[in-house]
Amino acid sequence: MANSKRMYNGGALRPALKRLSLALAAVPFLVGASGAALAATPVKVGVLQSLTGTMAISEVTVKNAEVLAIDQINAAGGVLGHPIKAIVEDGASLPATFAQKATQLIQQDHVVTVFGGWTSASRKAMLPVFQRFNNLLWYPVQFEGNECSPNIMYSGAQPNQQILPALTWAKQQGYKRFFLLGSDYVFPRTANLILKKHIVHDGLKVVGEEYVPLGGTDFSAVINKIKLAKPDIIFNTLNGSSNVSFFKQMSAAGLPPSKLPVMSFSIGEQEAKAMGPSLVEGSYAAWNYFESLDTPENKKFVAAYQAKFGKNAAVTDPMAHGYIDVYIWKAAVEKAKSFNPTKVRDAAVKLGWMPSPMGEVKFADNQSLWQTAYIGKLKPDGQFKILWHSKGKIMPEPYDKLAFPGKTCVLHKS
């Protein structure tokens, strides 16, 4: 209005100004860190996790971490002058529901991006949706690799950043006989395909490989096979509530982690707390983040999460990744000066190193995150004692050279 020609007389102007004043009073404002008032036209983003079903044990808290980041950004002034409005949906632990909800978020809610997913089955169900509508998914969980899409930012670990470092550590401990156990879907099967290639390549032995349905609870036959196979260690890619049944039945069979080591790839602090730390005490986990990381950034993150969700709330690797994803999206939006998913994606890989609860992070040209690998041992209090870490940050490699020779991922040129 500042540039409009003033063609009103005083009498005509006063009612117009009154109407304008009333209209503006109805519009909420956001005061940023600088103290400047920002017009609160919200920008909508999707938060899509399993809030019910077998995966809720893991995904509800990832949703919480993503919402925490959004709330913090809003309190600091939003992004490009806009507050963020989170549209939270429940994937219900069902891939088809994830695809349906992703479509709804993009087409009906008009979100500019989506944060979420856990299982690779859910991610693969959503992928065609994001490709069809050229939107962008921020995926926060470790996975099996063997995928490369311009419509996904893969902040969770690639195999060379989690499962293969765990194998390196196991070899250093002298373990030679491996039993592979997983839920029956794409991540465990592909992860174990990669592990088998490397185990055999290194002159070691796979003595068993078994799968149960996602959410399965009967491990009697599996445990009998484990007893017969006599492994040195179990590599566990079970997901969700199946872990509770597995560890309970292993303990009842006289095989607690203190007698037969278990290396898990989807049990973090939250899952341990939900299961009861005594059930999994002494077991190992491979991640790129533990709540026990002793850095100022991580202490600040944990304190903020616990202030919002309870002083004893546990914090896990996927939660940290979900939290970081929101902040990197914000930084990429500001670099691109746009909410357009293509421009944001292109900006995200050019941001360089950023501080985070995990240490400094950045996305590589293949839209996957550089990671440090950690091995932790679960203590009685439900926290992990960090036993080992990789020498520096590991560059993400979506395609394992032994399992998928000749395949590469080129999404951006350096």
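A short reminder: the numbers here are calculations on the coordinates, not readings from a lab. What you see is a predicted model, and the numbers here were worked out from it, not measured in a lab. Here the Cβ positions follow ideal geometry from the backbone for every residue, glycine too, while neighbour counts run over all protein chains shown.
Here is how the numbers come out for the structure above:
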{"item": "Sequence-distant aspartates and glutamates (8 or more away, or on other chains) whose Cα lies within less than 18 Å of K300", "result": "E66, D71, E269, E291, D317, D325, E360"}
{"item": "Anchor K124: aspartates and glutamates whose Cα lies under 13 Å away (excluding residues fewer than 8 positions away in-chain)", "result": "E144, E147"}
{"item": "Highest average packing first - 336-348, 120-132, 48-60, Cβ atoms within 10 Å", "result": "48-60, 120-132, 336-348"}
{"item": "Cα-centred dipole magnitude for segment 218-366, charges only on beta-carbon of K, R (+1) and D, E (-1), debye, nearest 20", "result": "200"}
{"item": "Positive-end residue of Q131, T41, A157, charge dipole of segment 36-191 with Cβ unit charges", "result": "A157"}
{"item": "Sorted largest first, extent of segment 160-287 alpha carbons per principal axis (Å)", "result": "36, 30, 27"}
{"item": "Links that overshoot a 19 Å alpha carbon limit, given the list K205/K248; K362/K385; K230/K259", "result": "K205/K248; K362/K385"}
{"item": "Degrees separating the helix 186-201 axis from the principal Cα axis of the chain, which is the longest one", "result": "50"}
{"item": "For segment 318-334 and segment 130-146, distance of Cα centres in Å", "result": "14"}
{"item": "Under 13 Å from the K196 label point (7 Å along Cα→beta-carbon), backbone N, segment 373-410", "result": "403"}
{"item": "Between 0 and 90°, nearest 10: helix 120-132 axis offset from the chain longest Cα axis", "result": "30"}
{"item": "Inter-part distance where segment 157-177 and segment 48-119 are each reduced to a Cα centre, Å", "result": "32"}
{"item": "Residue among W329, W370, W353 with the largest mean-square fluctuation in a Gaussian network model of the chain, springs linking Cα atoms under 10 Å", "result": "W353"}
{"item": "In degrees, nearest ten, helix 56-75 long axis to first principal axis of the chain (Cα)", "result": "30"}
{"item": "Ordering of 83-95, 265-277 by burial proxy (mean other Cβ atoms within 10 Å per residue, highest first)", "result": "265-277, 83-95"}
{"item": "Segment 160-287, dipole about Cα centre (Lys/Arg Cβ +1, Asp/Glu Cβ -1), debye to the nearest 20", "result": "420"}
{"item": "Proportion of all alpha-carbon pairs of the chain beyond 38 Å (%)", "result": "24"}
